[in-house]
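Contents: one structure, followed by commentary.
The values are calculated or read from the model by the stated rules, or taken from the named source; none is laboratory data. Here the structure is a predicted model, which means the values were calculated and not measured. Virtual Cβ from ideal backbone geometry, glycine too; neighbours counted across all protein chains shown. We work out accessible area using only protein heavy atoms, side chains counted, and drop any ligands, DNA or RNA first. Shrake-Rupley method; radii C 1.70, N 1.55, O 1.52, S 1.80 Å.
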Amino acid sequence: IKSKAPTFKSIAKGIRNGSYRKIIIMAGAGISVASGIPDFRSPKTGLYNNLKKYNLPYPEAIFDIQYFVEKPQPFFTLAKELYPGNFEPTPVHHFFRLLQDNNVLKRVYTQNIDTLERRAGVLPHKLVESHGSFANATCVNCSEEYDCEDIKKDVMKSKIPRCKYCKEGIIKPNITFFGEGLPEKFWWYESDFPKADLLIVLGTSLSVLPFGSLIEKVPKTCHRLLINNVEVAVNNSLGYKDPKLQGFKFNEKNNTRDAKKIGDCQKSILEFIQMCGWEKQYKKLLKK
Ligand code: OAD
């Protein structure tokens with residue numbers, strides 16, 4: 001029998017009847033746009049197109065560790081705008097929580113630093129903040145550790161937070177900058193991904209590696225669902241496509257694993273939640 005490619009609908013049906021029990025999420029900035037946080041690469045609204053006021057040599061410099069140690073102000077100006085506490089989780093974040101509550105969530109891998117997955121109640125052992133987060137901070141000089149709240153006052157006053165102990169180091173939120181290693185938890189993917197039976201990719205351009213390349217790490221039989229407002233491929237940020245990376249198989253005749261839902265991810269996920277039969281649970285979550 002020739003197996004058919006899954007669809008948005010067939011996958012929701014599969015969740016409903018218990019066919020998927022080890023679901024992995026890969027998420028990016030697109031899932032938090034509805035809460036008021038811009039993404040990075042959307043043509044007009046993305047952060048990287050709105051950094052003129054910071055006079056950066058190139059947009060990604062705002063998250064470049066070399067640049068930061070010399071000129072931390074642009075990053076902290078941005079941090080003030082994006083600081084956790086001012087934003088609420090979206091339906092997509094609540095959906096992650098529903099997967100967890102229904103015991104079918106293997107793990108959420110997010111690239112987001114806004115801590116909205118935590119706010120939605122995704123438990124620490126179910127969550128991999130692959131590019132770190134604002135939740136904690138470290139002195140770049142003596143490595144003393146701080147909590148997000150410790151430096152909030154300074155950040156909100158546009159003051160660069162300095163270490164109380166060594167008196168000179170800048171306190172940097174534990175966000176992974178370009179030029180830094182990824183958090184240890186990221187490597188959980190090595191044992192997680194081979195076990196997945198469904199991968200859902202939401203709100204990411206997949207243009208930052210190695211994160212984007214993880215879509216290749218699930219078994220060949222694992223269904224993959226993309227929920228995004230544009231089609232994406234695994235490219236690096238310079239647009240270079242690594243020939244070793246295969247990407248989604250949407251347009252191929254022999255596609256037996258990939259499905260997509262192109263459009264606003266919040267709208268799509270509300271439809272999906274309904275098809276999963278979780279509408280009541282969802283409404284209950286919102287009341288809490
Ligand atoms: P990008 O800005 O690169 O991609 C966001 C994706 O979400 C794009 O494909 C958008 O079209 C899509 N999108 C935006 N709004 C949407 C909506 N309402 N519904 C559906 N899709 C929507 O963001 P990331 O892929 O997360 O690194 O970027 C990856 C990394 O690049 C980030 O983690 C960040 C950045 O440099 C660090 O912070 C270290």
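Long-range amide H contacts for ASN174: which residues qualify at under 5 Å (H placed 1.01 Å from N, peptide plane, sequence gap of 5 or more or a different chain)?
Excluding prolines and chain starts, which carry no amide H, the hits are SER133, ASN136, ALA137, THR138.
What is the set of long-range amide H partners of ILE200 at a cut-off below 5 Å, with H atoms built 1.01 Å from backbone N?
Residues meeting the criterion, in which the H sits 1.01 Å from N, are ILE24, ILE25, MET26, LEU225.
Can you pull the percent of Cα pairs in the stretch 25-155 with separation above 20 Å?
50 percent
Please identify every one of the trypsin sites (Lys or Arg not before Pro) in the stretch 160-195 that sits in a loop by DSSP and has no more than 14 other beta carbons within 10 Å of its own beta carbon.
LYS164, LYS167
Could you tell me which trypsin sites (Lys or Arg not before Pro) in the stretch 26-104 are loop residues by DSSP with no more than 11 other beta carbons within 10 angstrom of their beta carbon?
Listed in order of number, the matching sites are LYS44.
In a Gaussian network model over the chain where Cα atoms closer than 10 Å are linked, find which of PRO161, PRO91, PRO43 has the largest mean-square fluctuation.
Maximum among the listed residues: PRO43.
Tell me, what ³J(HN,Hα) does each residue in the stretch 178-183 have, in order and in whole Hz, if you take phi through Karplus 6.51 cos²θ - 1.76 cosθ + 1.60 with θ = phi - 60° and put x for Gly and Pro?
Result, ordered by residue: 4, x, 10, x, 6, x Hz.
Note down the Stokes-Einstein diffusion coefficient of the stretch 1-53 in µm²/s, whole number, using a Kirkwood radius over alpha carbon pairs, 37 °C, and 0.692 mPa s.
The estimated diffusion coefficient comes to 228 µm²/s.
From largest accessible area down, sort ARG119, ARG107; use a 1.4 Å probe on the protein chains.
ARG119, ARG107
Can you list which of the chymotrypsin sites (Phe, Trp or Tyr not before Pro) found in the stretch 156-231 are DSSP loop residues with at most 13 other C-beta atoms within 10 Å?
TYR165
For the stretch 78-151, report the convex hull volume of the alpha-carbon atoms normalised per residue, in Å³, without decimals.
Values: hull volume 7.4 nm³, N = 74.
In the stretch 78-151, the Cα convex hull volume per residue is 99 Å³.
Mean shadow of the stretch 1-92, computed from the convex hull of its alpha carbons, in nm²?
9.9 nm²
Starting from 0.36 nm per residue, how many nanometres of slack lie between ASN136 and LYS52 once their C-alpha separation is accounted for?
Gain on stretching ASN136 to LYS52: 27.4 nm.
For a quick check: with amide H placed at 1.01 Å from N, whose amide H comes under 5 Å from LEU209's, ignoring anything fewer than 5 positions away on the same chain?
SER237
Given the pairs LYS217/LYS284; LYS22/LYS185; LYS172/LYS217, which span a C-alpha to C-alpha distance of over 30 angstrom in this model?
LYS217/LYS284; LYS172/LYS217
Averaging over all projection directions, find the projected area of the Cα convex hull of the chain and quote it in nm² with one decimal place.
Taking a quarter of the hull surface, the average projection is 15.8 nm².
Quick check: pseudo-label points 7 Å beyond the Cα along Cα→Cβ at ILE262 and THR77, how many nm apart are they?
3.7 nm
Run the quick spin-label model on LYS159 and GLU88: label points 7 Å from Cα toward the beta carbon, then report their separation in nm to one decimal.
3.2 nm
List the lysines whose Cα lies under 16 Å from the Cα of LYS4, skipping any in the same chain that are fewer than 8 positions away.
Partners within reach: LYS13, LYS220, LYS249, LYS253, LYS260.
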